[in-house]
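Here the structure comes first, spelled out in structure tokens, and everything after it is commentary.
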Amino acid sequence: MTFRAAYAAHFYFMAAIKTEKITYRKPGFWQRLRTGNLNDTQLGLLLLAPALITLFVVMLYPVLNVFWQSLRGEHLLRPWLGSPFVGLEHFQKILWGRNMVWDLQNLLSWRILGIATLLPLWWFAARGVLKRWTALAWTLTILVVFGFLLGLHPGDSGRWGDARFWNSFNITLLIIVLSVAGSFLVGLPMALLANITSPLRWLVRLAMLLPWAMPRVFTGLTFAWLFQSDYGVLNDLLARAGVNNLLQGVLEPNLIGAQGILWLSRVVPAIIAVNITIIWKTSSFVGLILLAGLQSIDKSLYEAATVDGANAWQRFWSITLPMLRPAIAVALIFRTLTAIQTFDIPYAMTRGAPGRSLETLGLYIYNTIQASNIGYAAALSVVLFALSLGITILYLRWIYTE
């Protein structure tokens with residue numbers, strides 16, 4: 001075919017398309033799938049489809065189902081009521097009260113602690129770790145939450161919609177702060193010791209693996225025996241060391257008995273005992289994650305810093321901690337999420353006692369289900385999920401901040 005004939009064929013073909021004598025359509029997805037001619041986007045979606053379907057079935061559907069149950073008033077002890085739609089009534093009861101007033105002294109210690117976070121926030125902003133607009137947004141959020149919202153409380157004639165929820169929220173928050181900080185402060189030195197080049201470092205690694213491998217309920221039962229006030233190992237050791245005599249003169253009389261400290265039957269000692277148990281159990285997990293992060297750091301960075309005259313502390317502060325930031329964030333995310341959902345160790349050690357001083361959010365949800373109030377337990381679960389999601393977003397924002 002000559003050039004003139006080919007040009008004429010092309011001209012008539014294009015003219016036919018414009019006059020709709022010949023209809024040209026791009027092949028669709030299913031046609032491409034049958035011919036095996038998928039583009040990159042379609043191939044990527046096809047390969048991701050099994051994982052997306054699995055995530056929907058395993059994660060998204062249960063979350064949506066619990067949220068739907070939280071909007072209904074299902075109660076197994078009142079089957080004649082059915083499952084009526086109550087909307088946000090459960091959440092209003094959980095998060096609010098009646099006759100709310102604002103008081104400067106309400107939750108003053110928590111408010112001071114929250115507002116004090118503005119100092120490290122702007123310190124990071126000044127060093128360029130956080131952008132100024134991000135720091136400003138967080139400043140406004142902290143001032144609204146800690147400066148105003150925590151000052152709201154029921155007046156003399158009012159009450160919290162669910163005071164039991166706020167009690168469980170406070171003890172959960174306390175466990176988060178104490179156990180997450182404690183597990184990090186214990187896990188980081190363990191990871192540093194396990195990373196030292198020495199023939200005996202396997203002992204440290206073995207010591208890190210044993211607590212992590214133990215079941216959490218078994219750990220709680222074991223430490224409940226150790227902290228038992230009458231025949232527990234800890235009080236026996238303190239008595240043999242003569243510490244009990246000193247404690248009797250220092251502690252309040254209601255905190256100590258004939259055999260030693262009443263660890264699990266008084267509020268403050270029980271909180272201390274449970275947090276020590278959680279820290280012992282979880283610090284090994286944090287240490288293992290940090291150890292993996294330490295082993296990924298290029299050793300040439302330390303060699304160059306040593307040549308430049310940096311001492312051990314300067315190398316740790318300028319190389320180890322910055323390079324460990326992703327591993328630290330991952331460890332804190334997992335550790336914080338498990339702390340928010342704490343159930344097994346307090347349940348195994350005290351069943352939430354004394355009183356309800358150790359009834360965490362997870363334990364409160366369990367007790368609510370035991371009381372057959374399914375709708376309200378679902379609403380509590382949604383609040384717990386929202387709290388977990390919010391903290392995870394904060395950590396991820398910290399990881400990916402330039």
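The values are calculated or read from the model by the stated rules, or taken from the named source; none is laboratory data. Being a predicted model, the structure only gives us computed values, none of them experimental. Note: ideal-geometry Cβ built from the backbone for every residue, glycine included; neighbour counts use all protein chains shown.
Remarks
- Residues satisfying the criterion are absent from segment 183-195 (criterion: of a type in the set (Val, Ile, Thr), at pLDDT below 90 and either under 30 Å from the mean Cα position of the chain (by Cα) or not assigned by TED's automatic domain parsing to the domain that holds Leu288 (or both)).
- For segment 112-123, the criterion of being out of contact with any helix residue (DSSP H, G or I) (no Cβ under 9 Å at 6 or more places or on another chain), under 27 Å from Gly352 (Cβ atoms) and not in a strand (DSSP E or B) is satisfied by no residue at all.
- Leu396 touching a residue at least 24 places away in the same chain (Cβ under 8 Å) and buried (at least 18 other Cβ atoms within 10 Å of the Cβ): no
- Any hit, segment 133-142, residues being free of Cβ contacts under 8 Å to residues at least 40 places away in the same chain and of a type in the set (Gly, Ala, Ser): yes
- In this structure, Ala135 qualifies as in a helix (DSSP H, G or I) and under 29 Å from His153 (Cα atoms).
- Residues considered: Ile340, Ile399, Ile365, Ile319. Of these, the only one that is modelled with pLDDT under 85 and among the hydrophobic types (A, V, I, L, M, F, W, C) is Ile399.
- For segment 297-311, the candidate set comprises residues that are exposed (fewer than 11 other Cβ atoms within 10 Å of the Cβ) and of a type in the set (Gly, Ala, Ser); within that set, the residue that is modelled with the highest pLDDT is Ser300.
- Hits in segment 318-342 - residues which are within 8 Å of the chain's Cα centre (by Cα) and among the charged types (D, E, K, R): Arg335
- Any hit, segment 217-226, residues being in the same structural domain as Val330 (by TED's automatic domain parsing) and under 21 Å from Val330 (Cβ atoms): no
Listed here are the residues, each with its yes/no results for (1) of a type in the set (Ser, Thr, Tyr); (2) modelled with pLDDT of 85 or more; (3) not assigned by TED's automatic domain parsing to the domain that holds Gln370.
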| site | (1), (2), (3) |
| --- | --- |
| Leu77 | no, no, yes |
| Trp80 | no, no, yes |
| Glu89 | no, yes, yes |
| Leu95 | no, no, yes |
| Leu119 | no, yes, yes |
| Val129 | no, no, yes |
| Thr139 | yes, yes, yes |
| Phe146 | no, yes, yes |
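- Every condition in (1) under 28 Å from the mean Cα position of the chain (by Cα); (2) among the hydrophobic types (A, V, I, L, M, F, W, C); (3) surrounded by fewer than 18 Cβ atoms within 10 Å (Cβ to Cβ) holds for Leu264 except the one numbered (3).
- Residue check for Leu206: within 30 Å of Ile333 (Cβ to Cβ), crowded, with 16+ Cβ neighbours inside 10 Å and free of Cβ contacts under 8 Å to residues at least 24 places away in the same chain: no
- Within segment 267-318, the set of residues being without any contact (Cβ under 8 Å) to a residue 24 or more places away in the chain and charged (D, E, K, R) comprises Asp298, Lys299, Glu303, Asp308, Arg315.
- The residues of segment 155-173 that are touching a helix residue (DSSP H, G or I) at 6+ places or on another chain (Cβ under 8 Å) and farther than 16 Å from Ile340 by Cβ, listed by number, are Trp160, Gly161, Asp162, Arg164.
- Residues of segment 145-177 that are in contact with a strand residue (DSSP E or B) (Cβ under 8 Å, 6 or more places away or on another chain), touching a residue at least 60 places away in the same chain (Cβ under 8 Å) and either part of a helix (DSSP H, G or I) or under 12 Å from Val101 (Cα atoms) (or both): Gly158, Arg159, Trp160.
- Checking each residue in segment 63-82 for being surrounded by 11 or more Cβ atoms within 10 Å (Cβ to Cβ) and part of a helix (DSSP H, G or I) picks out Val63, Leu64, Asn65, Val66, Phe67, Trp68, Gln69, Ser70.
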